[in-house]
Amino acid sequence: MNQMLRYIESELYMESAALNRIAEQVGTPFYCYSKANIEQQIASCKAAFNRLDATIHYAAKANSNLSILRMMAKAGLGADVVSVGELERVIIAGIPAEKVIFSGVGKRKDEMVAALNAGIGQFNLESIPELDALILLCESLNKTAGVSVRINPDVDGSTHRHITTGVKGSKFGISMEQLDQALSRIGESAHLQLRGLAVHIGSQIVTAAPYRKVCERLRDWIVNLRRAGHAITHLDLGGGFGIDYGDGNYLDFESVATVMHETLQGLDNLQIAIEPGRSIVGNAGVLVSAVIFRKEDDPLPFLILDAGMNDLMRPALYQASHPIQPLLERKVEMEVVNVVGPICESTDFFSKAITLPKIAQGERVALLQAGAYGAVMASIYNSRDIIPEVMVDGDRFETIRRRITNHNLLEFE
Ligand code: LLP
């Protein structure tokens, strides 16, 4: 939930700014974030993971707008990045390189070189060939790299099949069978400094049970690896904490921190890290859009929005649903409608057969919980603009990314 979003005298407000007022100045569609909500999430994440003394590395992929990354820097968080582009962004935002973890199954050489030159704290290695490539680069640049091995713990996060990552057969992580080999190569190299293990079992996970399972396994493995002489000093537990997309299911920081604390107790000298993305910024954002047409149809009418799947891809890609609210609260009858975008694809829908107060053509709506994996996943499909992003702070708002127009893009052709 985003408590910063509420009706005041029938107008939907983000903090103390009416979304309709912003829409008139910025033009729809646009993303709008609440600064206070993000600050609140950072604070409750820190409070919950304090007992584990965990370092928090914001997963930049959830929303890598510079203004948002600057908030993470200001709060003292580190970052989890998966590309040189994200690395550049977090450094520009002021996150110290030593607090940066570089994840990803396919890091290119130029990306690893950039990360080595920046002096990042940790590479999470996901395959033996990647490990070999990093050793060669370190040798040629005469650098040392802090590394952890991302393992595939074969634990099912019970989330959508497209965003589950920790089961056997997924492309992520090194299997337990190859872990010994990976650790001995690291041990043999003068250029790699072993830190420990990393896992990330998936995203939008709404119960603590998979975390309990993975932590129990990790606890035993770490004990065994330490006995075998490997200096495991760091454990990166990834992100994945789910938010409430309207069905009441989510995983709060407290529950997951409690489970991690309980299961990992007794392992001394182990620095825990987490990489939350969605849970920090997801609730803070809405996508504001106008109804271009109301198309009466049988069996259900359509609300055709000016936002499309290119602006918010989650429904088309994962059958995700984002709650929809009109910007103007009116006493009208409820109706069942289909809410779709204007793109020439039948996957371009936001909600099928959803019950909403009757919304007229020209009215504006907000799609909620759009702060994570919204703007960052946008495309220019159908030669559409990349829409603006706005940050609200109290009664003021600021455009934190201007519209990128088709005219801008035409200059490259
Ligand atoms: N760490 C690693 C290594 C990851 O791959 C991810 C997300 C995270 C941390 C952050 O996970 P979070 O706390 O945000 O769940 N586009 C999809 C989500 C893909 C997540 C990919 N990895 C969606 O819109 O649901």
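Residues in segment 352-377 that are within 16 Å of the ligand (Cβ to nearest atom) and among the hydroxyl-bearing types (S, T, Y): Y373 alone.
Only strands (runs of 3 or more DSSP E) whose full extent lies in segment 363-412 are considered here, and the ones with at least 2 residues that are open to solvent by 20 Å² or more (accessible area, probe 1.4 Å) and farther than 12 Å from N65 by Cβ are 396-401. Being free of Cβ contacts under 8 Å to residues at least 60 places away in the same chain and among the hydrophobic types (A, V, I, L, M, F, W, C) is a condition met by no residue of segment 47-65.
Out of all the residues in segment 245-259, is one or more farther than 30 Å from P315 by Cα and surrounded by 16 or more Cβ atoms within 10 Å (Cβ to Cβ)? Among the residues of segment 245-259, at least one is farther than 30 Å from P315 by Cα and surrounded by 16 or more Cβ atoms within 10 Å (Cβ to Cβ), which makes the answer yes.
Per the conditions (1) within 20 Å of A23 (Cα to Cα); (2) open to solvent by less than 20 Å² (accessible area, probe 1.4 Å), the sole criterion not satisfied by P276 is (1). Restricting the first member to segment 268-290 and to residues that are free of Cβ contacts under 8 Å to residues at least 40 places away in the same chain, and the second to residues that are more than 8 Å from the ligand (Cβ to nearest atom) and open to solvent by 10 Å² or more (accessible area, probe 1.4 Å), the beta-carbon pairs closer than 9 Å and six or more apart or on different chains are N269/T233. In segment 145-152, the condition of being open to solvent by 40 Å² or more (accessible area, probe 1.4 Å) and either assigned by TED's automatic domain parsing to the domain that holds G196 or out of contact with any Pro (no Cβ under 9 Å at 6 or more places or on another chain) (or both) is met by no residue. For segment 225-235, the criterion of being open to solvent by less than 50 Å² (accessible area, probe 1.4 Å) and small (G, A, S) is satisfied by no residue at all. Among the criteria (1) more than 16 Å from the ligand (Cβ to nearest atom); (2) assigned to a helix (DSSP H, G or I); (3) aliphatic (A, V, I, L, M), the one A190 does not fulfil is (2).
Among the residues of segment 30-41, some residue qualifies, meaning at least one is in a helix (DSSP H, G or I), outside the structural domain of E254 (by TED's automatic domain parsing), farther than 30 Å from T405 by Cα and open to solvent by less than 40 Å² (accessible area, probe 1.4 Å). Whether a residue is farther than 30 Å from F350 by Cβ and of a type in the set (G, A, S) was assessed, and G246 does not pass this test. For segment 127-141, the set of residues classified as hydrophobic (A, V, I, L, M, F, W, C) and surrounded by 16 or more Cβ atoms within 10 Å (Cβ to Cβ) consists of L131, A133, L134, I135, L137, C138, listed by residue number.
The values are calculated or read from the model by the stated rules, or taken from the named source; none is laboratory data. Quick caveat, the model's predicted, so the values are computed rather than measured. A quick note on method: Cβ atoms are made from the backbone with ideal geometry, for glycine too, and the neighbour counts reach across all protein chains shown. Calculation scope for accessible area: heavy atoms of the full protein, side chains included, ligands and nucleic acids excluded. Shrake-Rupley method; radii C 1.70, N 1.55, O 1.52, S 1.80 Å.
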